[in-house]
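See structure below.
Just so it is clear, none of the values below were taken in a lab; they were calculated from the coordinates. Here the structure is a predicted model, which means the values were calculated and not measured. Cβ: placed from backbone, ideal geometry, glycine included. Neighbour counts: every protein chain shown.
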């Protein structure tokens, strides 16, 4: 197996977690000697694809999806694609019944149309990979994925080869990164900052991500808080290198790439026990802290106070979390597990289907396909919609309204 297709619902130059995941596994497979084909919306910047000698296949929001599906079925056969790893791309998920090679669908969330897409055409998907224990439970109980076809494979990112250093003579550097949403727990971070707890005299918080102006004015009253807004991923990673603590107050995640990236730099997580893989990535008190989502602000402040006054324990936890990452959560661990699954398919493809129902795009890009109110309702309820039916044997297309 040398030719592998990686598909994503986001362009490779976007900053989404799905895109980061797809890029990480693509780069690692290239290093292992695989030829990678990358199906996604068209990027503005092709440099990552060129630098890694990856062939791009367009599947943009505005494409005629029936034509794309018809083209892709032929393309996969002609290029002798031997394995497919799909990351939330509805075009690829639609053609699963007509494909003659193993397919893995990675679930990136356990709700919304993201979960519905990952579990669509399950009978023609060899494995629906859950990236957290919570997700596996939902996929099996709610979506009917057979437990034998729903393995748990945590995400992974590249090793950094960083060396943990002392921080004894300066304020603790904290990082929070993410969209300003209830799902990410941004409101909990705001509440934590506005407590005026004495620990804020010993720490500095760097907030990466867009913040409403009204909230920004409130936070600016705390001189320990530095707001950077949305920045390139490279700038965020550079900041992580010199950080001590990564704050994650999320109510819902999959397997957060940002937390794994922090761990790869020996940054101690203070995370929540919300839905997602967070509490399985570290052992509480050994490599970081898992705080209860309903009491996150006061528990996180208690943990920060401990680390601010005990720098030797901080250094020990930083080394522990780095060791944990290197032993379990590098991207190399992830790709080895995915390759094992591809090499052990579960679907009999001797009777491939010629008529397929083609999904519509379920995600929206304000620059290309701005979501209507109805689109948002369908997305939140996890309701999939269809572009039409494609008969591959006769090239007939029937559009379903």
Residue among 113, 335, 195 with the largest mean-square fluctuation in a Gaussian network model of the chain, springs linking Cα atoms under 10 Å: 195
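Translational diffusion coefficient, Stokes-Einstein: compute it for the stretch 102-247 using the Kirkwood radius over C-alpha pairs as Rh, at 25 °C and 0.890 mPa s, and state it as an integer in µm² s⁻¹.
Working: Rh = 18.2 Å.
D = 135 µm²/s.
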Distance between modelled label sites at residue 2 and residue 313, nm, 7 Å Cα→Cβ extension: 5.5 nm
Relative exposure of 243, 387, 47, judged by other C-beta atoms within 10 Å (fewest first): 47, 243, 387
Using alpha-carbon coordinates, inclination of helix 331-342 to the longest axis of the chain, degrees: 30 degrees
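Using a ≥ b ≥ c from the Cα gyration tensor of the chain (square roots of the eigenvalues), is it rounded, prolate or oblate, where a/c under 1.5 gives rounded and otherwise the larger of a/b and b/c decides, a/b for prolate? Don't skip to the end; give the middle numbers.
Details: a/c = 2.12, a/b = 1.79, b/c = 1.18.
Prolate.
Mind sorting 208, 139, 34 by how few other Cβ atoms lie within 10 Å of their own Cβ, fewest first? Walk me through the intermediate numbers first.
On the way: 208 21, 139 24, 34 18.
With the fewest neighbours first, 208, 139, 34 line up as 34, 208, 139.
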Which of 126, 201 has the fewest Cβ neighbours within 10 Å, and the rest in rising order: 201, 126
Separation of the residue 231 and residue 133 label points, Cα + 7 Å toward Cβ, nm: 3.5 nm
Highest-MSF residue in the chain out of 198, 269, 146 [GNM, Cα springs under 10 Å]: 198
For the stretch 1-47 and the stretch 95-144, distance of Cα centres in Å: 19 Å
Percent RCO, i.e. relative contact order, over the stretch 172-329, from Cα pairs under 8 Å lying at least 6 residues apart: 23 percent
For the stretch 172-329, the Rg and Dmax computed from alpha carbons only, in angstrom: 14.2, 43
Between the stretch 176-204 and the stretch 272-288, the alpha-carbon center distance in angstrom: 18 Å
P(r) histogram, all alpha-carbon pairs of the stretch 199-290 included - 5 Å bins from 0, percent: 3, 13, 21, 22, 22, 15, 4, 0
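When you have a sec, figure out the Kirkwood radius of the stretch 26-156 from all distinct Cα pair distances and drop it here in Å to one decimal? Before the final figure, lay out the partial values.
On the way: mean 1/r = 0.0642 Å⁻¹.
Taking every pair of different Cα atoms in the stretch 26-156, averaging 1/r and inverting gives 15.6 Å.
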